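**Q** Below are the structure tokens for one structure; questions will follow.
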Amino acid sequence: MDGVGVTADGLGLRGPRGWAFRGVDVDAEPASLIAIEGPSGSGRTSLLLALTGRMRTTEGTAAVGTARLPRQMAAVRRASALAHVAGVTDLEPALTVGEHLRERALLQRRFDGSVRDLLRPRAQREARTTSQIDAALAAAGLDREALPKGTRTAVRDLERIEALRLSVALALIGRPRLLGVDDIDLKLTDAERTEVWTLLRSLTEAGTTVLAVCGGEAPEDAVRVRTDTAPDSDPDPDSDPAAGSPAAQDGVRARSEEETVPTGSGKDDGHVPESGQGGTDARTDDDEERAHAHAETGRA
């Protein structure tokens with residue numbers, strides 16, 4: 001299967017809580033290994049879903065092959081597949097490896113196959129399904145014989161890297177031109193990460209374009225795209241853009257001075273007592289009264 005080129009210019013997606021990602025540029029040739037890097041929460045998965053036609057962007061332009069985003073999202077979805085995306089491609093722990101593979105193959109034949117394929121004799125359909133499963137497992141590097149119970153092994157009994165390989169194999173059954181894989185380095189050892197990068201590189205060598213989300217340390221030959229380098233966000237739309245200007249600050253200062261009333265002013269008649277008048281005489285009279293009261297108390 002031939003891969004597709006992926007391009008983006010100033011791509012951004014804004015949600016109810018702000019920008020998921022913004023200012024993303026991509027320029028990747030067909031059959032490229034594209035690494036989406038950034039810390040958790042920086043919009044890596046959102047960008048993966050947007051470039052595979054699963055989320056509608058709100059800013060910028062992008063193209064996958066000849067399909068433009070976001071106008072031709074359906075065409076991009078038909079050409080792409082996802083693997084290892086939490087909440088989207090979750091594996092069922094109680095089902096076996098074989099059950100997952102057969103289910104995906106049947107769904108692929110039912111919804112993406114031609115009418116001619118559906119009308120083939122049952123033996124031919126089963127042989128085709130077996131061939132698709134074998135090819136997907138080989139491409140994903142998942143050896144059935146190495147599993148504890150072969151294809152009867154339950155997903156809950158798989159190692160993390162085996163579950164990732166199974167998810168990739170399920171996505172490859174549809175022979176996508178663009179494969180998106182999320183969190184390829186999640187809770188894996190350094191040796192296992194190296195295995196995963198080797199796997200993804202082998203897929204690109206076979207012609208498939210691969211989008212891979214990682215925390216960092218992507219191979220040097222990968223097209224690296226970061227999601228934590230977005231430009232400054234827009235200012236608060238509810239705030240006054242001139243509120244912080246010098247003119248506005250001078251106006252606030254002037255109003256404050258006008259509204260300030262001098263301490264000790266006479267608010268009723270506007271008379272301000274001078275030094276030695278009014279307030280001083282009142283304090284003298286009070287002192288004299290306290291002295292007389294003290295003397296009377298002493299005599300008593």
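Bear in mind that the values in this text are calculations on the coordinates, not laboratory data. From a predicted model like this one, the values you see are computed outputs, not experimental measurements. Cβ: placed from backbone, ideal geometry, glycine included. Neighbour counts: every protein chain shown.
**Q** Give me the distance in nm between label points sitting 7 Å out from Cα along the Cα-to-Cβ direction at ARG71 and ARG160, one decimal.
**A** Distance between the two pseudo-spin positions: 4.3 nm.
**Q** For the range 154-171, just list the computed ³J(HN,Hα) in residue order, Karplus coefficients 6.51, -1.76 and 1.60, θ = phi - 60°, integers in Hz, with x standing in for Gly and Pro.
**A** 6, 4, 5, 9, 7, 6, 4, 5, 5, 5, 5, 5, 5, 4, 5, 4, 4, 5
**Q** So, in nm, how far is label ASP221 from label LEU119 when the simple model puts each one 7 Å beyond its Cα toward the Cβ?
**A** 4.5 nm
**Q** A further question on this structure: Please find the FRET efficiency linking ARG152 to GLU205, where r is the Cβ-Cβ separation and R0 is fixed at 35 Å, and quote it to the nearest 0.05. Please list the in-between numbers first.
**A** Working: r = 32 Å, r/R0 = 0.91.
Computed FRET efficiency for ARG152 and GLU205 comes out at 0.65.
**Q** Calculate how many DSSP beta bridges within the range 6-226 are antiparallel, expressed in % of all such bridges and rounded to the nearest 5. Write down the numbers at each step before the final one.
**A** Working: 16 of 33 bridges.
Roughly 50 percent of the beta bridges in the range 6-226 run antiparallel, per DSSP.
**Q** I want to check the label-to-label distance for ARG110 and ARG14. Put each point 7 Å from Cα in the C-beta direction and report it in nm to one decimal.
**A** With each label placed 7 Å out from Cα toward Cβ, I get 4.1 nm.
**Q** Please report the equivalent ellipsoid semi-axes of the range 6-226, computed as sqrt(5 x eigenvalue) of the Cα gyration tensor, largest first, in whole Å.
**A** Working: eigenvalues 172, 92, 47 Å².
Values for the range 6-226, descending: 29, 21, 15 Å.
**Q** Between GLU59 and ASP228, what FRET efficiency follows from the Cβ-Cβ distance if R0 is 22 Å, with the result rounded to 0.05? Before the final figure, lay out each step's value.
**A** Values: r = 17 Å, r/R0 = 0.77.
Between GLU59 and ASP228 the formula returns 0.80.
**Q** In what sequence do LEU51, LEU179, LEU188, LEU13 fall when counting other Cβ within 10 Å, fewest first?
**A** Values: LEU51 29, LEU179 24, LEU188 17, LEU13 21.
By the 10 Å Cβ count, ascending, the order reads LEU188, LEU13, LEU179, LEU51.
**Q** How much net charge surrounds LEU48 when only the other residues with a Cβ under 12 Å from the Cβ of LEU48 are counted, with Lys and Arg +1 and Asp and Glu -1? List each step's numbers first, then the result.
**A** Values: positive: ARG44, ARG54; negative: GLU37, ASP182, ASP183.
It works out to a net charge of -1.
**Q** Here's a follow-up. Please compute the length gained on full extension between ALA86 and ASP134, using 0.36 nm multiplied by the number of residues separating them and subtracting their Cα-Cα distance. Spell out each step's value before the answer.
**A** Numbers: separation 48, 0.36 × 48 = 17.28 nm, distance 2.51 nm.
Taking ALA86 through ASP134 to full extension adds about 14.8 nm, to one decimal.
**Q** Counting other C-beta atoms within 10 Å, and keeping those with at most 16, which DSSP coil trypsin sites (Lys or Arg not before Pro) do you find in the range 83-187? If you can, show how the numbers build up before the last one.
**A** Working: sites: ARG102, ARG104, ARG109, ARG110, ARG116, ARG122, ARG125, ARG128, ARG144, LYS149, ARG152, ARG156, ARG160, ARG165, ARG177, LYS187; in loops: LYS149, ARG177, LYS187.
Answer in residue order: LYS149, LYS187.
**Q** Expressed as a whole number of Å, what is the distance separating the alpha-carbon centroids of the range 150-206 and the range 76-141?
**A** Rounded to whole Å, the Cα centres lie 15 Å apart.
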